[in-house]
Structures are given as structure tokens and as C-alpha cells.
Amino acid sequence: MTVTHEVTNQAPPLTGFSAADDPALLAALRRDGGAWGEPEVLELGALAGSAAVQDQARWAEEQPPRLHTHDRYGHRVDEVEFHPAWHQLMATAVEHGLHAAPWTDARPGAHLVRAAKFYVWSQAEPGHGCPVSMTYAAVPALRAAPELAAQYEPLLAARTYDFGLRAPLTKHGLIAGMSMTEKQGGSDVRANTTRAVPAADGSYRLTGHKWFTSAPMSDVFLALAQTDEGLSCFLVPRVLPDGTRNGMRLMRLKDKLGNRSNASSEIEYEDAVAWPVGEPGRGVRTIVEMVNVTRLDCVLGSAAGMRAGLRQALHHTAHRRAFGRELDRQPLMRSVLADLAVESEAATVLGMRLAAAVDRSQAGDAGESALRRLALAAGKYWVCKRGSTHAAEALECLGGNGYVEDSGMPRLYREAPLLSIWEGSGNVAALDVLRALTREPAALDAYFTEVEAAAGADRRLDAAVAGLRKMLAALGDPERAQLMARSLAERLALVLQGSLLVRHGTPAVADAFCASRLDGEWGHAFGTLPPDADLDGILGGARTGRDVG
Ligand SMILES: Cc1cc2nc3c(=O)[nH]c(=O)nc-3n(C[C@H](O)[C@H](O)[C@H](O)COP(=O)(O)OP(=O)(O)OC[C@H]3O[C@@H](n4cnc5c(N)ncnc54)[C@H](O)[C@@H]3O)c2cc1C
């Protein structure tokens, strides 16, 4: 046999680490009352970094779901078949309470703990986060129909993953989906044409199409449809109480850029039985309760993607040599890695702060509800937008290997834009920031109370807060304000991230963040931190669990 070459200078596989080896995450968990959940976060983090789960993630993506519209005899079945790895991922997520469990958990910090678990577990495989997240988010909307909530909430919160099309109330645990977007309009759901007609027993019959409905094997969906009173929200079961299939036809699965493990379908409702949730004609107001929660998961999911990308970049550059030394010892690469670490920590602290606001809002804290209203919209806009850029740069740290599927980086890269598109695309999130500013003045007060908790600690942050106030004063009429919406959303998010980092972050990260994001003439790409940034301090604090196991 001819030996063609010996393999040298390639990084070893990155496996057996803990995704919970993340000082910023654990500090946020302890700070805001979630210390009791740390053992489970650590357990899930170690699982996320295990070879077995990495295999599940690979299989779930490589063997995507398949739609079966008919059985062999021609009967409609409308079923989606998943690789067993998908079910394993889902079962772990549900058993660890990443879905609706916190809504029935009275412990303070339940949502924060859930956020930390979602963040570490999403690093294993993001696609199944979609149904998990929708199940989490369905509960606050469903509470607008107390009788339905009383029946369904315990099952949505149950820690049993019970896959299969059976009557929901006969199952041990339920998964929920969301069915809003139609062909003629997604952001503008008021353009929905699906029609809901009342039946004699108080239920409705839905007829119409939905252009996107992810996780179509879910047990129940919150759907929007038009009634005489206007757009209304409904609970639609996949299977009726008598065990027969509801009138819900799966027409096609989307052939997507990423998020391949998850099924996203086009569906048609044909006289589908549906129960009203909330007042007829107030459908947007009702379902927005769900969207607000899935938006939090978009922020957490983007932060998780950044952390996963950073880990890969640190691992590769620690093992790869070029021009006489390891890549991570080359000053310019160190600057890139440090900048990625800064962005990642900023996203993590913001995501966790938003999750803490959910807990406190639930406990009746009006200031926290107001803060969440504005900060979530700005965070959804900015953190999700940064996710794609971060993924691209982390991928580039691996050079050509990063562009190859085996590295896992393409999966991260493909997933990132989705978090910016769904649950309110960039412009929609930015316009939501404007809406919060004009309609809910308490939100801005709460925002400034939060960011000014760091007043006097960093002159660049103080100047950025003053600059933000000026920007707000210059908003002008609504058309002009729209032209500033993205800049404003970005600034609001950056100032909040800066304030959180100055108060709670790794000092070197806080300093580099203020210097590069709030001040100065440095570049906009990653790797353009000021030359005097404390790269050792940043990278030293960004432990990623690379060396565990
Ligand atoms: C993989 C995937 C899964 C999905 N799953 C679901 C699901 O389960 N359930 C569901 O209901 N939907 C789902 N969606 C749909 C998703 O929520 C919508 O695609 C999204 O809300 C955008 O709506 P749209 O596609 O109709 O785009 P449009 O609303 O047409 O928007 C197109 C662009 O215009 C911008 N825009 C819109 N309005 C304005 C404005 N006033 N000013 C300036 N710019 C504006 C948007 O920001 C966007 O960039 C999914 C989408 C994807 C990609």
C-alpha cells in the first residue's frame, strides 16, 4: 500500500465538553434567583456536549422529516415521519422541562432556569427547539380561555414526550404549534383569509390555508382565523376527542435553507374543529402573548448559536498552526476570537436578563413587565441580527474546514437567519420598538431605570445613554421615526447590553464592549477591537468547556 500522506495539524474532534461551562451564563443564573436549577443546567450542558447527542443532532438533520399525505390504499393520513434521533432530542428536552413546565412551577426563577437549560441544550441541535419553544409559548395565550387552559395546560407542562396522533386529552404530554402565516401575509396577519364559522356547540369550523405551520405533528395549534368580529384566535387539535383526525391537510413540507431537522408545513384547514381562545376579534392581542415568549427563545437561541460557534472557533484555532504558531496565538486571530467572545457574552447576559424579567412579570412586578416590553423587541431585533454575522465569522475561523458539513458550522450558519425572520422579522421587530415607545411610556421609563443602574461606572456607557436620549428626542413624525427604527432598536439593545456587562460582565469584556460598540472609531467587522483591548482577559473569561471530558 502506498502511504500518500500523514494527517497532521488538524484539530481533534470537539466532543465530551459541557455547554454549561459558561461563566457568564452561570453568573446570570445565580444573580437572578436561579441557583437552585444549576445542577440540571450542568447535567443538560454535559449531555449537549456528549458524543451520543452530537450523533443524534447529526442524524436528525441528515435524515430530515418526511411527509406522508396518503397511505398505501389512498386514504389521507397527513403524517410526518421523523428519524428516531429527533424523538430522542425531543424526549430529553421535554423531560428536562424546556417546554411548558415552568408555567406550573411555583419556584421563583423557574423561567430563568428554563432559559439557561434551553440555551445549553439548543447548542446540541437547534431545530427541535421550534416545537419545544412553541409549547412553552402557547400557555400564556391559552390562559385567555381558562376552561381550555385548565384541561390542556397540565398536559403541555407534563414532562412526558408522548409522540403520536391521538386525542390530546388521552395523552400523557402534549406539544403545541402556531398557525398564523398565510400566503398573502405573514408579518401582516390581519390579511389572513382563513375563515372561522361558529357551530351550535360553541366551537368553530375553520376553512382556509396556512403557508407556514411548523411542527405539524403537534397535538394542538393556536391558529388565527377571521370571524364576523375580526381576526380571532383558536385552539385547533390535530385529533378530535373521538379519536378521528381533524380537518387539517398537510400539503407540503418546506424545503428550507436550514432548520432541516424540524418539519415546517403548508396546511389547509377543511372544516377543522376549533375552540375560541380569548375574545373574538382580539386574536392578535391573544396570540401576541405567545409571540412574546417565542421571541425570548429567538434571543436565547441566537445567543446559544453564538456560544456554540465561539466554542468551535476557539477549539480549532487552539489546535491549528499556521505561519509558525497556533492560530489562537496570532494577534489578529486573537482579536477576532475575543470579539466573538464579547458578542457572545453580550447576547447571553441580555437573553438571561429578559428571562429574569419574565419571572418577575409573572410575580406581578409592573416595572419588569414594562422593561420586558421594550427590551425584548430591541433584543429580538439586535441579537438575532448579529447571529448570522457571528456565525459567518466563527465559521471562517475554521478556514475551509468550516465550510464543510462535517464541521457542524454550516448547520449553525444556516440556522442563524431564521431566528431573525420568524416571530417578527428585523423590520417588524424594529417597528415594534417604535410601537412600544409611542404607546407604552412606562416601557421607556423602566428601560432607563435599568440601564442607569450602571450610571457613573463607565464614561462611554454614560455618553451612549445621553446619546440615546437625544436620538429619542429627535424621532419626529411617524414616517421619519420609521427611518430611525433600526438604528434606535440597535442602540437600545447595545446600551442595555453595555449596562449589563458593566455591572455584571467579565471586566475585560465590558471594557472592550464599551470601546468597540458604544464608542470609538474602530471597524464594524469582528476582529476590530481597539488594539489595547485586554484580549487575554476576554479569552480567559470565555471558558467554553472545550477541555472537559
Ligand atoms: C422555517 C420557518 C418556519 C416558520 N414556521 C411558522 C409557524 O410555525 N407558524 C407561523 O405562523 N409562521 C411560521 N413561519 C412564518 C414566519 O413567521 C414569517 O415568514 C415571518 O413572520 C415573515 O412573514 P412573511 O414571510 O409573510 O414576510 P413578509 O411579512 O412579507 O415580510 C417580508 C419582509 O418585509 C418586512 N416588512 C414587513 N412589514 C414591513 C413594514 N411595515 N415595513 C418595513 N418592512 C416590513 C419584513 O421584516 C420582511 O423582511 C415560519 C417561517 C419560516 C422561515
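Once you have the Cα-Cα distance between ARG76 and SER203, take 0.36 nm times their residue separation minus that, and quote the gain in nm to one decimal.
Extra length from ARG76 to SER203 when fully extended: 43.3 nm.
If one takes the longest principal axis of the Cα atoms in the chain, at what angle in degrees, from 0 to 90 and to the nearest 10, does the Cα axis of helix 459-473 lie?
Between the helix axis and the principal axis of the chain, the angle is about 40 degrees.
Between helix 409-421 and the chain, what is the angle of the helix's C-alpha long axis to the longest principal axis, kept within 0 to 90° and rounded to the nearest 10?
Its long axis makes an angle of about 60 degrees.
Which order do LYS385, LYS256, LYS470 take by accessible area at a 1.4 Å probe, largest first?
LYS470, LYS385, LYS256
Which length gain, in nm to one decimal place, applies between ASP242 and LEU332 when the Cα-Cα distance is subtracted from 0.36 nm times their residue separation? Kindly include the intermediate steps, with their values, before the conclusion.
Details: separation 90, 0.36 × 90 = 32.40 nm, distance 6.51 nm.
Gain on extension, ASP242 to LEU332, equals 25.9 nm.
Need one number: nm distance between label points at GLN10 and ILE421, each 7 Å from Cα along Cα→Cβ, rounded to one decimal.
3.3 nm
For region 151-279, just say rounded, prolate or oblate: build the C-alpha gyration tensor, square-root its eigenvalues into a ≥ b ≥ c, call rounded for a/c under 1.5, and beyond that prolate if a/b exceeds b/c, oblate if not.
oblate
For region 23-281, with only Lys/Arg (+1) and Asp/Glu (-1) charged at the beta-carbon, what is the dipole magnitude about the Cα centre, in debye rounded to 20?
Computed about the Cα centre, the dipole is about 300 debye.
Are any of the pairs LYS183/LYS254; LYS117/LYS256; LYS117/LYS210 more than 22 Å apart by Cα-Cα distance, and if so, which?
Violating the 22 Å limit, Cα to Cα: LYS117/LYS256; LYS117/LYS210.
Can you classify region 469-532 as rounded, prolate or oblate using the Cα gyration tensor, where a ≥ b ≥ c are the square roots of its eigenvalues, rounded means a/c under 1.5, and otherwise it's prolate if a/b beats b/c and oblate if not?
Working: a/c = 3.14, a/b = 1.88, b/c = 1.67.
Prolate.
Through the Karplus equation 6.51 cos²θ - 1.76 cosθ + 1.60, θ set to phi - 60°, convert the phi angles of region 174-186 into ³J(HN,Hα) values in whole Hz; use x for Gly and Pro.
10, 10, 10, x, 9, 9, 10, 5, 10, 4, 7, x, x
Treat every Asp and Glu Cβ in the chain as -1 and every Lys and Arg Cβ as +1, leave all other atoms uncharged, and give the resulting dipole magnitude about the Cα centre to the nearest 20 debye.
It works out to roughly 480 debye.
Using alpha carbons only, how many angstrom separate the centre of region 1-59 from the centre of region 327-365?
Each part's Cα centre sits 17 Å from the other's.
Kindly state, to the nearest 0.05, the FRET efficiency for ARG252 paired with ALA191, given R0 = 22 Å and r defined as their beta-carbon distance.
Numbers: r = 21 Å, r/R0 = 0.95.
E(calc), rounded to 0.05, equals 0.55.
Which angle from 0 to 90°, rounded to the nearest 10, does the C-alpha axis of helix 331-362 make with the longest principal axis of the chain?
40 degrees
What percent of all Cα-Cα pairs in region 94-221 falls in each 10 Å bin, counting up from 0?
Bin by bin from 0 Å, the calculated values are 12, 37, 35, 14, 1.
Given the protein chains as shown and a 1.4 Å probe, how many square angstrom of GLU268 are accessible, to the nearest 10?
Looks like 70 Å² after rounding.
With every atom except the alpha carbons ignored, what do you get for Rg and Dmax of region 30-155, in angstroms?
17.0, 59
Regarding region 23-281, what's the average projected area of the Cα-atom convex hull, expressed in nm²?
Quarter of the Cα hull surface area: 14.6 nm².
When the accessible area of region 23-281 is computed with all protein chains present and a 1.4 Å probe, what percentage of it is carbon and sulfur? Walk me through the numbers on the way to the answer.
On the way: 5260 of 9890 Å².
The C+S portion of the solvent-accessible surface of region 23-281 is 53 percent.
Using the crude model of +1 on Lys and Arg Cβ and -1 on Asp and Glu Cβ, and no other charge, please compute the dipole size for region 324-468 relative to its Cα centre, in debye to 20.
Dipole magnitude for region 324-468 comes out near 220 debye.
Calculated FRET efficiency, GLU279 and ALA363, Cβ-Cβ r, R0 25 Å, to nearest 0.05? Numbers along the way, then the final one.
Numbers: r = 26 Å, r/R0 = 1.04.
Step by step, r from the Cβ atoms, then E = 0.45.
Tell me, rounded to the nearest percent, the portion of alpha carbon pairs in region 263-357 spaced more than 23 Å apart. Can you show the working numbers first?
Details: 2391 of 4465 pairs.
It works out to 54 percent of all Cα pairs.
Ignoring ligands, DNA and RNA, what percent of the 1.4 Å accessible area of region 313-399 is carbon and sulfur?
53 percent
Tell me, in nm to one decimal, what length is gained between VAL288 and ASN401 on full extension, where the rule is 0.36 nm per residue of separation less the Cα-Cα distance?
Result: 36.5 nm gained on full extension.
Could you list which residues have their amide H under 5 Å from that of ALA263, counting only those 5 or more apart in sequence or on another chain, with H placed in the peptide plane?
Excluding prolines and chain starts, which carry no amide H, the hits are ALA215.
So what's the gap between the Cα centers of region 473-549 and region 101-166, to the nearest angstrom?
31 Å
Pairwise over distinct Cα atoms, reciprocal of the mean inverse distance: report the Kirkwood radius of the chain in Å, one decimal place.
Result for the chain stands at 24.0 Å.
With N denoting the number of residues in region 285-542, provide Rg(C-alpha) divided by 2.2 N^0.38 Å, to two decimal places.
With N residues counted in region 285-542, Rg over 2.2 N^0.38 Å equals 1.01.
Rounded, prolate or oblate: pick one for region 315-418, where a ≥ b ≥ c are the square roots of the eigenvalues of its C-alpha gyration tensor, a/c under 1.5 means rounded, and failing that, prolate if a/b is larger than b/c, else oblate. Don't skip to the answer; put the middle values down first.
Values: a/c = 3.59, a/b = 2.37, b/c = 1.51.
Note, shape of region 315-418 comes out prolate.
For HIS524 and ARG325, what does the FRET efficiency come to when R0 = 22 Å and r is the distance between their Cβ atoms, rounded to the nearest 0.05?
0.20
How large is the helix-only mean residue ellipticity at 222 nm for the chain, computed as the sum of -39500 (n - 2.57) over DSSP H runs with n ≥ 4, divided by its residue count, in deg cm²/dmol to the nearest 500?
Details: 18 runs with 277 residues, N = 549.
Mean residue ellipticity, 222 nm, calculated: -16500 deg cm²/dmol.
Excluding residues on the same chain fewer than 8 positions from LYS171, give the aspartates and glutamates whose Cα lies under 12 Å from its Cα.
Excluding near neighbours in sequence, the set is ASP162, ASP219.
Please give the Cα centre distance for region 398-428 versus region 253-322, rounded to the nearest Å.
For region 398-428 versus region 253-322, the Cα centre distance is 13 Å.
The values are calculated or read from the model by the stated rules, or taken from the named source; none is laboratory data. Worth saying up front: this structure is predicted, and the values here are computed from it rather than measured. Every residue, glycine among them, receives a Cβ derived from its backbone with ideal geometry; neighbour counts consider all protein chains shown. Calculation scope for accessible area: heavy atoms of the full protein, side chains included, ligands and nucleic acids excluded. Shrake-Rupley method; radii C 1.70, N 1.55, O 1.52, S 1.80 Å.
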